[in-house]
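A short reminder: the numbers here are calculations on the coordinates, not readings from a lab. Just so it is clear, the model here is predicted, and its values are computed rather than measured. Note: ideal-geometry Cβ built from the backbone for every residue, glycine included; neighbour counts use all protein chains shown.
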Amino acid sequence: KATANSDIYMTAAQAQELMAVCRKGEEIQTVQKLLPQMSDPQQCSQLVNKNLTLRQALSLKKSLGPSFGVIMGNATGRYILDLENESHRVAARKLAELNNFE
């Protein structure tokens, strides 16, 4: 909860340290909370690949909805976002960050 909706950004190595102290069996939920706080898409990919199986990664993709592609570095396409949904708000924020970066 400490990193949620904050301006704290981290590398995969820093996120991995947090993963090490989190409860086993909650990998998907933990990665889901950490991904929006990662410094760039390559760091996100490293975190997912190191901590989740393919099945878990697919479950993560489903739960993150449209924000998954944006977080992982694929921000192309059209988006229909419902800003009442937290994962949609994450997608909107990440799209805005990407737009400001470019």
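Figures for the structure shown
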item: Calculated FRET value between GLN42 and SER63, using beta carbons and R₀ = 22 Å, to 0.05; result: 0.50
item: In nm, spacing of pseudo-spin labels at VAL21 and ARG93 (7 Å Cα→C-beta vector); result: 2.1 nm
item: Local electrostatic count, SER67, Cβ distance below 13 Å [Lys/Arg +1, Asp/Glu -1]; result: +3
item: Reduced Cα scattering model of the chain, Debye log10 I(q)/I(0), q = 0.21 Å⁻¹; result: -1.14
item: Rel. contact order, % - alpha carbon contacts under 8 angstrom, at least six apart, the chain; result: 24 percent
item: Qualifying trypsin sites (Lys or Arg not before Pro) for region 14-102 [loop in DSSP, other Cβ within 10 Å: at most 12]; result: ARG23, LYS24, ARG78
item: Relative contact order (%) - criterion: Cα under 8 Å, at least six apart; region: region 3-48; result: 55 percent
item: Tilt relative to the chain, helix 86-101 - C-alpha long axis, 0 to 90 degrees, to 10; result: 70 degrees
item: Cα pair distances exceeding 16 angstrom across region 43-91, given as percent; result: 41 percent
item: Qualifying GluC sites (Glu not before Pro) for region 13-51 [loop in DSSP, other Cβ within 10 Å: at most 15]; result: GLU26
item: Cα gyration tensor of region 4-51 - equivalent ellipsoid semi-axes, whole Å, descending; result: 16, 12, 9
item: Rough spin-label spacing in nm, given labels placed 7 Å along Cα→Cβ, for THR53 and ILE80; result: 3.4 nm
